[in-house]
1. Kindly indicate whether residue 63 is in a strand (DSSP E or B), without any contact (Cβ under 8 Å) to a residue 24 or more places away in the chain and in contact with a strand residue (DSSP E or B) (Cβ under 8 Å, 6 or more places away or on another chain).
2. For the range 40-60, give me the residue count where each residue is under 20 Å from the mean Cα position of the chain (by Cα), among the aliphatic types (A, V, I, L, M) and part of a strand (DSSP E or B).
3. For residues in the range 227-239 being surrounded by 24 or more Cβ atoms within 10 Å (Cβ to Cβ) and in contact (Cβ under 8 Å) with a residue 24 or more places away in the chain, which is farthest from the chain's Cα centre (by Cα)?
4. Out of all the residues in the range 109-132, is one or more exposed (fewer than 15 other Cβ atoms within 10 Å of the Cβ) and modelled with pLDDT of 95 or more?
5. Condition check: under 13 Å from the mean Cα position of the chain (by Cα), under 25 Å from residue 166 (Cβ atoms), touching a residue at least 40 places away in the same chain (Cβ under 8 Å) and buried (at least 24 other Cβ atoms within 10 Å of the Cβ). Does residue 219 satisfy that?
6. Considering each residue of the range 67-84, count those that are part of a helix (DSSP H, G or I), touching a residue at least 40 places away in the same chain (Cβ under 8 Å) and more than 20 Å from the chain's Cα centre (by Cα), and give that number.
7. Are any residues in the range 33-67 closer than 20 Å to residue 95 by Cα and touching a helix residue (DSSP H, G or I) at 6+ places or on another chain (Cβ under 9 Å), and if so, which ones?
Amino acid sequence: MSDYRIKNRTDERPYVISIAGFDPSAGAGLLSDLKCFEAHRVYGFGVCSTLTIQTDTEFLKNEWLETDQIIAQLQPLIEKFPIEAVKIGLIKNLESLSAVCEHLNSFDPKIKIILDPILKASAGHNFHDWSLELDNFKTLLKRLYLITPNYLEMQELKGSEEMDLICRNWSEDCAILLKGGHHPLSPGTDYLFHKNERLEFKSGTAAVFPKHGSGCVLSSAITARLALGHSVPESCLLAKQYIEQFLNSNQSLLGYHNL
């Protein structure tokens, strides 16, 4: 870590990075993450991983950026600023994800990496089937600080194993926040698997208005809270409260950020 990187911190806000797709509707991906970071009073940088053509209701197509293009954007930022946490969303494949995480770990092992494993767009487009590379994904967990799959994503990732058991096993390498928005038995209840514990976060509101990119918002809110010094359970709880406020900020698919 260079002396310049240490001494250049003149702002009280911690620095975080979102590595995510560019969504022109600003409901998901980079633009949404940066709005969320600003609401939480952390300074957010954006590294683009894919260019998408979409609205809040329709996903048309995307163009992936390669690993070297992502790292080229990332490198000047991590060299100049003391980055507390990096949130990774949509990315081309596990190979690219692993290379980016390895680069971050090698540069500064203290950087917390939060992965939102986006396998499918809310508008219906399928991006990945990482269940076909489950061993590679399990190996990657050691490089991460927290992952935030929803129930349907975890269904794909777990294979034939029992959900609770695999979350407990994986949490030996990194924390798992299993989001409950799609859970058939306990909708709205999130489960955090962390340090041999399973914590339950129930919904604080009776009903919500769905939003495009709500998963992105939750993971970026957690990233911001971790950068501000909150523990993993505190960050997940506070982010859940934030996302419920975000979901009910209006009745459209595009929410308003306000802490």
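The values are calculated or read from the model by the stated rules, or taken from the named source; none is laboratory data. Since the structure is predicted, the reported quantities are computational estimates derived from the model, not experimental observations. Every residue, glycine among them, receives a Cβ derived from its backbone with ideal geometry; neighbour counts consider all protein chains shown.
1. Yes; evaluated as a whole, the condition is true for this residue.
2. Count: 2.
3. Narrowing the range 227-239 to residues surrounded by 24 or more Cβ atoms within 10 Å (Cβ to Cβ): 227, 235-236, 239.
This time we only want the ones that are in contact (Cβ under 8 Å) with a residue 24 or more places away in the chain, so: 227, 236.
Numbers: 227: 13, 236: 12 Å.
If we take residues in the range 227-239 being surrounded by 24 or more Cβ atoms within 10 Å (Cβ to Cβ) and in contact (Cβ under 8 Å) with a residue 24 or more places away in the chain, then 227 is farthest from the chain's Cα centre (by Cα).
4. Yes, the conditions are met somewhere in the range 109-132.
5. So residue 219 fits the description; yes.
6. The total comes to 2.
7. 47, 48, 49, 50, 64, 65, 66, 67
Per-residue answers, yes or no, for (1) in contact with a His (Cβ under 8 Å, 6 or more places away or on another chain); (2) crowded, with 22+ Cβ neighbours inside 10 Å:
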| site | (1), (2) |
| --- | --- |
| 30 | no, yes |
| 36 | yes, yes |
| 53 | no, no |
| 56 | yes, no |
